[in-house]
Every structure is written in C-alpha cells, then in structure tokens.
Amino acid sequence: RATIKMTTTPPAKSVLNALAKLRAKLFDNVYNPTNVRTGNKVLRQRLIGPTITNWYPKQLIAVREITDMFSEFNLVNQQEKQRLEEIAKRKKRGKGAPKKGSTVLHYII
C-alpha cells in the first residue's frame with residue numbers, strides 16, 4: 001500500500017497581510033499590522049460628558065447676576081458671606097491658605 005502524503009504550503013505573508021487589511025475594511029476595524037497601541041478602544045467608547053451634564057438641572061439665573069442687576073438694593077448672598085466668614089475664621093486660627101510663593105521659599109531656606 002502506498003500512502004499519499006499531501007502537503008500544503010502556508011499562504012505567503014503578503015497574502016495574509018492583504019487579507020487582514022480587507023478584513024479590517026469589511027468589519028470597520030483599524031488595520032494595525034505592527035500592533036502599535038493606538039487608543040482606539042478608548043475612542044470607541046461612548047462619551048459620558050453629555051450624560052453628566054444632562055443629569056444636573058440647568059441653573060436659570062445665578063445669585064451673583066441678581067445682585068449685580070439690582071445693586072441699589074444692597075442684596076447679600078448668604079452662602080458667599082458664610083464662606084468668607086469661614087475663611088476669615090480659619091485664617092485667624094492659622095489654618096488658611098498659604099501666601100502664593102511662600103512655600104517655595106520655605107523649602108529653599
């Protein structure tokens with residue numbers, strides 16, 4: 001009995017590259033033969049910015065705009081006043097923000 005041995009040769013590298021390029025075009029993928037990191041995975045993801053901005057209600061008018069429009073009434077923004085008082089208290093206790101540029105000098109000396 002004689003056995004027939006069939007050998008198949010693998011396709012040429014150029015044929016495989018052409019096939020990969022065609023496959024990428026058909027399935028709307030990026031042809032990347034060198035496997036370089038391109039960031040396409042991140043770019044394909046859905047943007048979350050519009051979802052976040054739509055979550056919060058739109059502010060119709062700010063307190064600052066009202067106080068600027070009616071400056072003759074001497075309106076006071078209570079939240080801003082309270083914030084400034086808290087900052088003054090912290091500064092009095094020595095817990096306020098440092099002066100700009102003083103931290104660099106402190107480390108040099």
When the residues of the stretch 74-102 are filtered to those that are of a type outside the set (Lys, Arg) and within 21 Å of Ile61 (Cβ to Cβ), which remaining residue is modelled with the highest pLDDT? Gln82
Being closer than 30 Å to Lys13 by Cβ, under 19 Å from the mean Cα position of the chain (by Cα) and assigned to a loop (DSSP other than H, G, I, E, B), is that true of even one residue in the stretch 38-54? yes
Is there any pair linking a residue in the stretch 71-89 that is hydrophobic (A, V, I, L, M, F, W, C) to one that is in a helix (DSSP H, G or I) and modelled with pLDDT under 95, with Cβ under 6 Å and at least six apart or on different chains, and which? Leu75/Thr67
Are there any pairs with C-beta distances below 6 angstrom linking a residue in the stretch 31-59 that is closer than 30 Å to Leu16 by Cβ to a residue that is in a loop (DSSP other than H, G, I, E, B), with the two at least 6 apart or on different chains, and if so which? Asn40/Val30
Does Glu85 satisfy being out of contact with any Pro (no Cβ under 7 Å at 6 or more places or on another chain), surrounded by fewer than 10 Cβ atoms within 10 Å (Cβ to Cβ), in a helix (DSSP H, G or I) and acidic (Asp, Glu)? no
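The values are calculated or read from the model by the stated rules, or taken from the named source; none is laboratory data. Predicted model, so just to flag it, every value in this text is computed and none were measured. Here Cβ is always computed from backbone atoms with ideal geometry, including for glycine, and neighbour counts include all displayed protein chains.
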